[in-house]
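So the structure is just underneath, and the comments pick up after that.
The values are calculated or read from the model by the stated rules, or taken from the named source; none is laboratory data. Everything numeric here is computed off the predicted structure, so don't read it as measured data. Virtual Cβ from ideal backbone geometry, glycine too; neighbours counted across all protein chains shown.
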Amino acid sequence: MSTTERHVPGRAGRGRTVRASGGLLAWRGLDLVTTAVLGVAFGVVFIVWDYALNTPWTGLTSAFPPAGSLALGVWLLPAVAGGLLVRRPGAALLCEMIAALLEFWLGNPWGAGVLVSGLLQGAGAEIGFALLGFRRFGPVAAMLAGAVAAALPVVAYEWWTYSLEYSWPWKLASLGFSVTSGVLLAGLGSWALVRALARAGAIDAFPAGREHLAARG
Amino acid sequence: MTGLLRRTGPLSPLLAGFVLMAGGLTVRDVAGGLAGLAALALAAPFALAGSRVSWLRLLAGVLALASVTWSNWLLASPRELEPALVAGLRVAFFVVPGIVLAAFVDPSELGDHLGQRLRLPARPVLAGVAALQQLDDLGQEWASMARARRVRGLGPDRSPVSQVRFAADLTFSLLVQALRRAERMTVAMEARGYADLARPGPDRARRTWLHPAPWTGADTTLVVLAAAVALVPVLLPLVVPPGS
Amino acid sequence: MKTGMRARVQARGLGWTPLGATSPVLCGIDLEVGPGERVLLAGPSGSGKSTLLRALAGVLEGVEAGDPTGRVTRPEGERVGLLLQDPRDARVADRVGRDVAYGPENAGLPRPEIRERIAWALDAVAFPYGPERLTSALSGGEAQRLALAGVLAARPGLLLLDEPTSMLDDASARRVRDAVLAAVAGTDIALVVVEHRLAPWVGVLDRLVVLGGRGSASPGGLLADGPLEAVLAERGPELLDTGVWVPGAPPPTPIAVPARLVAPRTPPAGDVVVASGAGLVRAPRRRLLGRTRTAPVVALEGVDAVVRAGGLLAVRGPSGAGKSSLVDLLVGLDAPTSGSVGATPALAAGLRPDLARWSSRELAARVGWVPQAAEATIVGSTVRDCLLAGARALRRPEAEAGARAEGLAEILGLTHALDRNPHRLSGGETRRLAVASALVHGPGLLGLDEPTVGQDRHTWAAVAGLAGAAADAGLGVVVSTHDGDLAAHAHDVLTLREGRVA
């Protein structure tokens, strides 16, 4: 007879960061499935956003295209939120890639380009979290992840494809707008989102949920 | 004649998309861009014969190209038409075929191929495939929450602010439902052996797959075809020197 | 447990305290299920039945945060099958064959054997389609039988069923039950079934285990464990108190709700909403992924219906007969594609009659609605906010609405939860909250879609009480239901068959 395996959930003290259980790379089934479903749910949100809001937004900002980048943060939410929720290397990338694959299938205007953007956005968020050693997941970490997630695809991809002819000041301006949006919308937005999910009791089995329960006492 | 895309697996259309993207980045002038598009048009029948293409989706790509051309004119210094056109053509070269190719990547087959041919770890691949099955349900959940809010007097009015707030509220509720669902899915999946895939050690069962993931001649042909097309803008300046 | 055989699962001193909870859900549970045993597991809602099944399946600690005690042991190499309430949660692939193959694939079986298992498992549940059928194109009952096939394909020695029929109508439920029984007949599979409604399983299962729940004589422990008929005979009244549907017991008495808590602000008189020759063709729905598209569905055709003020109209009929669609039309969620559905001046109060085109606030002021998936109506960050959301959107006086909300919460046993997050409620509590939230702001018309499906006796009594009290207070009430006990309280009954009045 074998006893079922058991892991002791990390104990959370008040105000302490709870880290993912069983070591950073010990992905639980729940981590994987939740990250994937979250990616799909964000895909649904993107579809609605694309149909309802993005077209008027693009029209509105066509007089000054870099301002269009201010909405970019919405597309980075899966990466930053996935990383904040699961707190393991790869979560941001997996979540963002699944959302990007959905966009790819559901008829986004950039073809396979969306997969490259998604890959770089996810990787950017991973770099942001890695800079803090996957130890911190507060608002600062979220903003850093959002900033790198926004900057990497602009610098490594968009400057050489969609905005190649922009003059350098404009290239930098569009980078600035992107990073601002990454910091505020994706960074602070994801942080607030994960905190609200913890309050709603939807993520008790994740580190952020345990932190909330510990803080509540 | 049956088009290549009816006989390929899911990996070669993806790879072809990336090959074309690499080729597109080398477009330097209008002539190169037009030659590339012409090559695409010549190659298209071989890939697409017998398949239907969604023109509506292509329209979205055309709009994107217009916005790229426009912004590359507006924000260039000095403002010149030709470089902006080149920017549009460069993006058109990989965006248009990319949108078409996307329809030929079957999500389930992609899972088979990622797991068997690319040997990605099975657990994240399976989580992704399972999560994709929830797409339509989550979409319907969004719709039913929107209906419920309408009857409760919480529907949006015409102002953009109230629309954005409504969308944000629904997004949050959808994520809560998605997380609940993910928990129940995990229970079902773990009980069906998903948990065993994580067990370390030599006695771990190697996962098998119901469907094989072959790379066929059609896959190779498609990638070669894409490479040939992608080389047109690269090679054109060597054959016809720019400015001649 | 039969002598000479090892238990298929054994729990010793099993306990579970969810993280953040002050008292355990499960506590000191000793349970042993041997080969060939057929166990019915019952208990009030929130008594931890699902938690216990998850623990027995060995998946609890992987998905929930909490403190475990004791141990669960199962024989080495033995497989467990776990069937959940909602078959959509078990779906892992786009086609039936792939879905059934999931367990055998994970076990590393060779391809020919996987194919054999698929054919065998689909046959075992009498599945009507082949392996190429899309999993998204199945009815609820078919999807649940597919989920059962997926569980059986792994050849489990222990089969755990968590309310497998509670989301289904009677006919589909019977087919799922028959499939379960056929699959375990003549085998030594140990079977544990969690259900609110015991009657259909009596005579088939031989042992009854009752969980006490937190408020019982043995909080978190077992209230009873013994031969099914004997436990039913000895502990019947006690079981009724826990909310379990004991076979042969009369349906519960709807709770009494004072009229002032549900009365409409402007009580309508006479007819409230009238459908004449109403038809509804649902537009084809494109699946988001893949290139399939559903055919347009004729949901309703030429239906005449009237909802009277002070009357409770029950819409009955088999699954797919158009019950929900008719409620959708009558409460203004959808516009008919033929014929007409109109609010009378008594309800419209100055608006044009086609209520489907009313604005969100105009509709909310006059209509309350709860879908079968009641959680779709949950809003706000506390139960109180959820109750008051409609009243606040309509800018109603806070004091008046607050008094009604608190009164309703007290009657429905939600007072303790007023400041809790509504997403943390149990299924039964969510249902009660949704119905109360639809009534707080005093609409003149109430639509409920299958409000009692899968509910225990307590929530059943609450929902039936609210619906009845609303009608008594002068609202027009329309309820779609395949629950005969609920329909017995209706003043008018309309039976649909294939979209037409039967």
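Below is a table of values for the structure above.
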item	result
Lone unmet requirement of (1) at pLDDT 95 or above; (2) assigned to a helix (DSSP H, G or I); (3) hydrophobic (A, V, I, L, M, F, W, C) for residue C:369	(2)
Selected residue [touching a Gly at 6+ places or on another chain (Cβ under 6 Å), more than 8 Å from chain B (Cβ to nearest Cβ), surrounded by 24 or more Cβ atoms within 10 Å (Cβ to Cβ) and within 30 Å of residue B:212 (Cα to Cα)] from C:96, C:100	C:100
Residue ID - surrounded by the fewest Cβ atoms within 10 Å (Cβ to Cβ), chosen from residues in the stretch B:69-95 that are within 9 Å of residue B:33 (Cβ to Cβ) and more than 8 Å from chain A (Cβ to nearest Cβ)	B:85
The stretch C:302-323, subset within 15 Å of residue C:279 (Cβ to Cβ) and out of contact with any Leu (no Cβ under 8 Å at 6 or more places or on another chain), residue surrounded by the fewest Cβ atoms within 10 Å (Cβ to Cβ)	C:304
Among residues of the stretch B:1-10, those that are surrounded by fewer than 21 Cβ atoms within 10 Å (Cβ to Cβ) and not in a loop (DSSP other than H, G, I, E, B), counted	1
Meets criteria (among the β-branched types (Val, Ile, Thr), more than 9 Å from every other protein chain (Cβ to nearest Cβ) and farther than 10 Å from residue A:73 by Cβ) for residue A:194	yes
Conditions (1) touching a strand residue (DSSP E or B) at 6+ places or on another chain (Cβ under 7 Å); (2) more than 30 Å from residue C:458 (Cα to Cα); number of the one not met by residue C:50	(2)
Search result, residues across the stretch A:189-217 that are without any contact (Cβ under 8 Å) to a residue 60 or more places away in the chain, farther than 20 Å from residue C:61 by Cα and not in a helix (DSSP H, G or I)	A:200
Verdict on residue C:40 being outside any loop (DSSP other than H, G, I, E, B) and more than 11 Å from chain B (Cβ to nearest Cβ)	yes
Tabulated pairs, the stretch B:27-55, first surrounded by 13 or more Cβ atoms within 10 Å (Cβ to Cβ), second among the polar types (S, T, N, Q), C-beta under 7 angstrom, 6+ apart or interchain	B:49/B:2
Residue check, residue B:138 closer than 19 Å to residue C:380 by Cβ, touching a residue at least 24 places away in the same chain (Cβ under 8 Å) and more than 7 Å from chain C (Cβ to nearest Cβ)	no
The stretch B:47-67, subset part of a helix (DSSP H, G or I) and more than 19 Å from the chain's Cα centre (by Cα), residue nearest to the other protein chains (Cβ to nearest Cβ)	B:67
Residue in the stretch C:419-435 that is outside any helix (DSSP H, G or I) and crowded, with 24+ Cβ neighbours inside 10 Å present	no
Residue C:142 vs. criteria buried (at least 18 other Cβ atoms within 10 Å of the Cβ), part of a helix (DSSP H, G or I) and more than 8 Å from chain B (Cβ to nearest Cβ)	yes
Selected residue (only one of B:154, B:179, B:118 is at the interface with another protein chain (Cβ under 7 Å from one of its Cβ atoms), assigned to a loop (DSSP other than H, G, I, E, B) and farther than 26 Å from residue A:109 by Cβ)	B:154
Filtered residues of the stretch C:155-200 (kept if surrounded by fewer than 22 Cβ atoms within 10 Å (Cβ to Cβ) and over 26 Å from residue C:320 (Cβ atoms))	C:155, C:157, C:184, C:185, C:186, C:187, C:188, C:189, C:198
Matching residues, the stretch C:458-477, being surrounded by fewer than 24 Cβ atoms within 10 Å (Cβ to Cβ) and more than 16 Å from residue C:368 (Cβ to Cβ)	C:458, C:461
Set B:123, B:90, B:79: member being in contact with a helix residue (DSSP H, G or I) (Cβ under 6 Å, 6 or more places away or on another chain) and in a loop (DSSP other than H, G, I, E, B)	B:79
Residue under evaluation residue B:103, criteria (1) facing chain A (nearest Cβ under 9 Å); (2) closer than 30 Å to residue C:387 by Cα; (3) touching a Ser or Thr at 6+ places or on another chain (Cβ under 7 Å), criterion not met	(2)
Residues (closer than 16 Å to residue C:265 by Cα and surrounded by 19 or more Cβ atoms within 10 Å (Cβ to Cβ)) located in the stretch C:347-356	C:347, C:348
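Residue-by-condition table, conditions (1) at pLDDT 65 or above; (2) within 23 Å of the chain's Cα centre (by Cα); (3) not acidic (Asp, Glu):
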| site | (1), (2), (3) |
| --- | --- |
| A:4 | no, no, yes |
| A:18 | yes, yes, yes |
| A:32 | yes, yes, yes |
| A:38 | yes, yes, yes |
| A:61 | yes, no, yes |
| A:74 | yes, yes, yes |
| A:78 | yes, yes, yes |
| A:81 | yes, yes, yes |
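Listed here are the residues, each with its yes/no results for (1) out of contact with any Leu (no Cβ under 6 Å at 6 or more places or on another chain); (2) at pLDDT 90 or above.
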| position | (1), (2) |
| --- | --- |
| C:196 | yes, no |
| C:202 | yes, no |
| C:212 | no, no |
| C:218 | yes, no |
| C:223 | yes, no |
| C:229 | yes, yes |
| C:237 | yes, no |
| C:247 | no, no |
| C:252 | yes, yes |
